[in-house]
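What follows is a single structure, written as C-alpha cells, with notes after it.
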Amino acid sequence: MDKRWARRPLDPVMEMHVPRLYGSTPTLFGAPLAEDATQLGDADVAFIGIPWRAPTPDSRAGSAGANFESTLLTPAFFRTSSMRYGGYLPELDVDVFDVFRLADFGDAQPHGDMAGILAGVEQHVKAALEAGCSVVTMGGNAGPSSYAVLKAIADGCERVAVLNLDAHSDNSEGEWQDDDPRAPRWGSTWALRILGLPGVDPSQYFHFGLRGPRNDSGVFDRFAARGVPRENIVTYRELKAARRRDYDAWAEGFAADVVRRASKLWIAVDGDVLDLSSNPEWADEPLGPRAEEVVQLVYEACKAAGPERFAGLSFMAVPHDAPGMHAICLYVLLYALAGLAAAQPATATGSDQEHTPAKAPES
Ligand SMILES: [Mn+2]
C-alpha cells in the first residue's frame with residue numbers, strides 16, 4: 001500500500017478559474033471584474049449589483065417576505081446562478097459575448113440615509129455610463145435599484161423611454177423625501193416618482209403586465225394625471241388580445257412604439273410580472289405573461305432601440321433563493337443582448353424619427 005497521502009495539507013484543493021468579487025462570489029458569467037471605472041476598459045455592458053432591502057411590509061410578512069429579507073443577497077446569488085450559462089443561443093445562432101463585451105462592475109454600496117443610498121447607486125451607474133457602457137443591474141428592492149439607476153441614465157438625456165414590466169402599478173403618490181426614513185415607501189411609489197425625473201417624459205413611460213387585486217382603482221388616473229397615455233399600459237386584457245392575434249407581431253409593434261421618440265431606453269423588470277406558472281418558486285400573481293413572452297418583448301425592445309439607444313436593463317425584488325427565477329432573468333439578459341446584436345445599425349434617418357412622433361404628443 002502506498003503510504004503517501006494524495007495531497008499535502010498546503011496543496012490547493014481547488015483552483016479559481018473564474019474572477020471573484022470576494023469569497024465564493026464569481027463575476028456574472030465569469031466576465032472580467034472591473035474594480036473601478038478605469039478597469040471597464042472597452043467593455044460595452046457593465047453589470048452592477050444593488051444589494052438594498054426595503055423594510056418588509058405587512059403584505060409580505062411571513063414566507064412571502066423572502067423577496068424583501070433576502071434581496072441583500074440576490075446580486076451575489078444571481079452571479080452564482082449565471083455560472084452554468086454562456087452567451088451562445090443556438091436558437092438564434094449568436095454568441096452575445098462575441099458581440100458585446102461584458103464586465104462585472106461589482107456592487108453599489110447603498111449605505112446611510114436614503115439620500116446617500118440613492119447618490120451611491122447613481123454615482124456607480126454614472127461611472128459605468130461615462131466609461132461608455134450600458135448597464136445591467138440586479139437589485140435589491142425597488143427605489144435604489146430603479147429610481148437611482150434611471151436618474152443616472154436620464155441625466156442630460158433628451159428623452160428616456162421607460163419600459164416597466166410589473167404586475168403592479170407601484171404608482172402611489174408622494175415623494176421620497178417625505179417618507180418616514182425607517183419605512184421608505186419605494187415599493188408602492190417608484191413608478192410615479194420616476195416620472196418627475198429630468199429627462200424622463202411620462203408620455204414615453206410604458207407598463208407591461210399590469211393586473212390583479214393588489215392594484216387599486218386609482219392606478220390609471222394617477223398615471224394619466226402625470227401624462228402617461230392609457231394605451232401605454234398593457235394589462236392582462238391587452239396581453240390576452242395580443243395572444244389571440246399574434247403575440248410576436250404585437251411585441252414587435254409595441255417595442256417600436258416604445259422607442260419611436262426615445263433618445264435612450266431603460267427597461268425595468270420586477271420578477272412578479274411573470275405568470276405564477278412561469279415562475280413556480282416565487283411568484284405573486286396569476287394571469288401574467290409567460291417567461292417566453294417577457295423574453296420576447298425585451299428582445300424586441302432592445303432590437304428596436306439598438307446599441308446606441310439602449311441604456312440599461314434593471315431587475316428588482318428578485319429573491320436570492322429562487323434559481324429558477326434567476327434562470328429566467330438570465331435569459332432575459334441574454335436575449336436583451338441578442339436583440340441589440342440583431343438591431344439594424346443606426347441610420348441618418350434615426351434623428352428624424354426622433355422628432356416625428358407617431359402619436360399626437362401629450363400636452
Ligand atoms: Mn410588482
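The values are calculated or read from the model by the stated rules, or taken from the named source; none is laboratory data. For clarity, every value in this text was computed on a predicted model and none was experimentally measured. Quick reminder, even Gly has a Cβ in these numbers, built from the backbone with ideal geometry, and neighbours come from all protein chains shown.
Structure notes:
- In this structure, Asp284 does not qualify as within 16 Å of the ligand (Cβ to nearest atom) and either farther than 26 Å from Trp186 by Cα or part of a helix (DSSP H, G or I) (or both).
- Close contacts from region 163-174, counting a first residue that is within 13 Å of Ser217 (Cα to Cα) and a second that is within 13 Å of the ligand (Cβ to nearest atom) and charged (D, E, K, R), with Cβ to Cβ under 6 Å and a gap of 6+ residues or different chains, come to His168/Arg214.
- Residue match in region 194-203 (condition: within 13 Å of the ligand (Cβ to nearest atom) and over 16 Å from Leu118 (Cβ atoms)): no
- Residue selected from region 291-332 under the condition over 15 Å from the mean Cα position of the chain (by Cα) and not in a helix (DSSP H, G or I), by the criterion nearest to Asp248 (Cα to Cα): Ala322
- Filter pass, Phe220 being within 16 Å of the ligand (Cβ to nearest atom), touching a strand residue (DSSP E or B) at 6+ places or on another chain (Cβ under 9 Å) and of a type in the set (Phe, Trp, Tyr): no
- Residue in region 83-90 that is of a type in the set (A, V, I, L, M) and either closer than 29 Å to Gly132 by Cα or at pLDDT 95 or above (or both) present: yes
- Exactly one residue out of Arg214, Arg243 is among the basic types (Lys, Arg) and either under 21 Å from Val332 (Cα atoms) or free of Cβ contacts under 8 Å to residues at least 40 places away in the same chain (or both): that is Arg243.
- A Cβ distance below 9 Å, combined with a sequence gap of six or more or placement on separate chains, defines the contacts here; from region 28-41, residues that are without any contact (Cβ under 8 Å) to a residue 60 or more places away in the chain reach residues that are among the hydroxyl-bearing types (Ser, Thr, Tyr) and surrounded by 19 or more Cβ atoms within 10 Å (Cβ to Cβ) in the pairs Gly30/Ser82.
- Of all residues in region 263-281 being outside any strand (DSSP E or B), within 11 Å of the ligand (Cβ to nearest atom) and of a type outside the set (A, V, I, L, M, F, W, C), the one that is surrounded by the fewest Cβ atoms within 10 Å (Cβ to Cβ): Asp272
Table: residues versus (1) surrounded by fewer than 17 Cβ atoms within 10 Å (Cβ to Cβ); (2) of a type outside the set (Lys, Arg); (3) at pLDDT below 95; (4) over 15 Å from Asp166 (Cα atoms).
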{"residue": "Val295", "(1), (2), (3), (4)": "no, yes, no, no"}
{"residue": "Val298", "(1), (2), (3), (4)": "no, yes, no, no"}
{"residue": "Ser314", "(1), (2), (3), (4)": "no, yes, no, no"}
{"residue": "Ala322", "(1), (2), (3), (4)": "no, yes, yes, yes"}
{"residue": "Ala338", "(1), (2), (3), (4)": "no, yes, no, yes"}
{"residue": "Ala348", "(1), (2), (3), (4)": "yes, yes, yes, yes"}
{"residue": "Ala358", "(1), (2), (3), (4)": "yes, yes, yes, yes"}
